[in-house]
Amino acid sequence: RNWIIRNFVQRTITDFCYFYIYSRSILTVGTWQSFLLLVFCSLGFEAGGPYTPSNIDPWSIIGDESSIYVKTERASCFSRNMVALRMEILCAKCPAGGVGIYNPGFWGMNIEEGKSYNLVMYIRSLESVELTASLTCSDGLQNIAAAVIVDTNVSDWRKIQMQLLAKVTCRTSRLELTTSKRGVIWIDQVSLIPSDTYKGHGFRKELIHMLVDLKPRFLRFPGGTFVEGILLRNAFRWRETIGPWEERPGHYGDVWNYWTDDGLGYYELLQLAEDLGAEPIWVFNAGISRNDQVDTTAIAPFVKDVLDSLEFARGSAKSTWGSVRAAMGHPERFQLKYVAVGNEDCDNTKPFYQGHYLKFYNAIREAYPDIQIISNCDGSSEPLDHPADLYDFHIYNSADDLFLKKDTFSRTSRTGPKVFVSEYAVHVDGDTSKGSLQASLAEAAFLIGLEVNSDIVHMASYAPLFVNDNDRKWTPDAIVFNSWQQYGTPSYWMQTFFGESSGAVIHPVRLNSSYSGSLAASAITWRDNEDIFLRIKIV
């Protein structure tokens, strides 16, 4: 999200910027067969917790305790988002400009002269309302845009929609809701989004264009550890992320410690993959979190949930869940052909994974024989003991170690499932910092190793993809951004050089050098329209 105004800061571009992205927490996009970002903001008041009164972060109050009293109440019209804001105006003669509340977005919103911004919110009052919605610079002194809401019929919750047209540019703006009229106003589900986003689907154009330049062939979503949660109760639940955004309950992302209202949900991620012309790869929770898991005897509801998610994506517009998709504006089926059963769940601390996996595998294979099923278990050194179309491989090493891993799949069996390297990066303090040439060269060598083994390595994606420069919980990341700027690290630009690998012809290469053990090389040819190109890489 270009910036998002939420009941709390949703931090992912979505890991895609929600728009704040940590590719770890949420998604990855792939070069061959790499993570991401969004701008629409929806804001309830659930982030402070279900008990009321609760805090109103990241909102703040304009005025003092003699002029305004603000708290949260379970008073909303939305049954799954019951917490609303109650704002009582106490002053008979309020200060110039009125009193109220403001929201700074993610470290300030980028509001640009001449551009319009769509504001939606729900309000209620027992009396008539005179409320001003303004965009101001972060100090509140410079007014950028404003519109006045005057309504005498708001005794029941009413949806307010308007456009704010910016008169000047301010890179660190905020949204203000103010009034000088004494009384009580309830406010809920505030959304502010630029009128002009990528294909009209809420994503910040310049960030998505950086993805497009990577020529992504797939989008892996929604993650990552975001799928699992530290606890199962905080895992990603797809059916809680569909339907009208006002009615999505949201959840706490306990791995990365932020509240998300799930405005960037299962539907939006399927839509984004379609907009990018990329294959969607749906990573679902396998009944396992970082710290708890269900027994295989109790996995049936999870299996049913996944089958329902596939019907939502692929079912006819007349099917139970396909009709929900159609009602959201997409009667056509999404081309979902890949699913991953869990994330990093195949280890000794999670003894139920393989039992769970077989339940999912058999049910999906029966219902959707064409879907490619990805196992979390590593088959690079020895064959898997269960059926799979692909297996997931993650690697985060120092630059030296990742370079040496370039030949990992040269020794892998050519029979059995293919390899999906869904997360790779140089990640060790000292090697990575905020991205370095050394790291990108080591990653390039590793990718050359994947390229020369493309008969067995089917897909690869760097992680993480995006990070907001104001809150680097993970480094390095391929794309760094703030409210109005963005740049690619050396790792990002390295990936652009591999954009031609899909469908190319690879040629044998021999290095004759006393340093051949410290070099990696590949040669490919590919056709672009009527021309044939040769590319040789030596790292």
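The values are calculated or read from the model by the stated rules, or taken from the named source; none is laboratory data. Given the structure is predicted, the values throughout are model-derived calculations rather than measurements. Heads up, the Cβs are rebuilt from the backbone with ideal geometry, glycines too, and the neighbour counts pull from every protein chain shown. The protein model used for the area step is the full one, side chains on, heavy atoms only, and it has no ligands, DNA or RNA in it. Shrake-Rupley method; radii C 1.70, N 1.55, O 1.52, S 1.80 Å.
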Seminar exercise, completed: Residues of the range 325-381 being assigned to a loop (DSSP other than H, G, I, E, B), of a type in the set (Val, Ile, Thr) and open to solvent by less than 10 Å² (accessible area, probe 1.4 Å), in sequence order, are Ile371
For this session: Among the residues of the range 121-148, count how many are surrounded by 19 or more Cβ atoms within 10 Å (Cβ to Cβ) and within 27 Å of Glu247 (Cβ to Cβ).
Result: 9
For this session: Working only within the range 78-99, note down all residues that are open to solvent by 20 Å² or more (accessible area, probe 1.4 Å) and more than 24 Å from Asp156 (Cβ to Cβ).
Result: Leu90, Ala92, Lys93, Cys94, Pro95, Ala96, Gly97
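Name the residue, out of Val39, Val29, that is part of a loop (DSSP other than H, G, I, E, B), under 30 Å from Pro476 (Cβ atoms) and either open to solvent by less than 10 Å² (accessible area, probe 1.4 Å) or modelled with pLDDT under 85 (or both). Break it down into steps so the answer makes sense when it comes.
Working: Val29 fails: part of a loop (DSSP other than H, G, I, E, B).
Val39 is the lone residue from the list that is part of a loop (DSSP other than H, G, I, E, B), under 30 Å from Pro476 (Cβ atoms) and either open to solvent by less than 10 Å² (accessible area, probe 1.4 Å) or modelled with pLDDT under 85 (or both).
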Seminar exercise, completed: Checked the range 397-415 for anything surrounded by 15 or more Cβ atoms within 10 Å (Cβ to Cβ) and not in a helix (DSSP H, G or I); matches are Asn397, Ser398, Thr412
Exercise. List the pairs whose first member sits in the range 263-283 and is closer than 13 Å to Phe203 by Cβ, whose second member is of a type in the set (Val, Ile, Thr) and part of a helix (DSSP H, G or I), and whose Cβ atoms are under 7 Å apart, counting only residues at least 6 apart or on separate chains?
Worked result: Leu276/Val212
Seminar exercise, completed: Exactly one of Thr152, Thr225 is open to solvent by less than 10 Å² (accessible area, probe 1.4 Å) and at pLDDT below 95, and that residue is Thr225
Exercise. If you go through the range 54-77 one residue at a time, how many are crowded, with 17+ Cβ neighbours inside 10 Å, farther than 19 Å from Arg174 by Cα and over 30 Å from the mean Cα position of the chain (by Cα)?
Worked result: 2
For this session: Could you tell me whether Phe446 is part of a loop (DSSP other than H, G, I, E, B) and open to solvent by less than 10 Å² (accessible area, probe 1.4 Å)?
Result: no
Problem set entry | Single unsatisfied condition, Gly263 versus (1) within 14 Å of the chain's Cα centre (by Cα); (2) buried (at least 24 other Cβ atoms within 10 Å of the Cβ); (3) modelled with pLDDT of 95 or more | (3)
Exercise. Somewhere in the range 55-64, is a residue part of a loop (DSSP other than H, G, I, E, B), among the aromatic types (Phe, Trp, Tyr) and either modelled with pLDDT of 90 or more or assigned by the TED database to the domain that holds Trp245 (or both)?
Worked result: yes
Problem set entry | Looking only at the range 491-511, and only at residues there that are assigned to a loop (DSSP other than H, G, I, E, B) and closer than 19 Å to Ser410 by Cβ, the one that is most open to solvent (accessible area, probe 1.4 Å) | Arg510
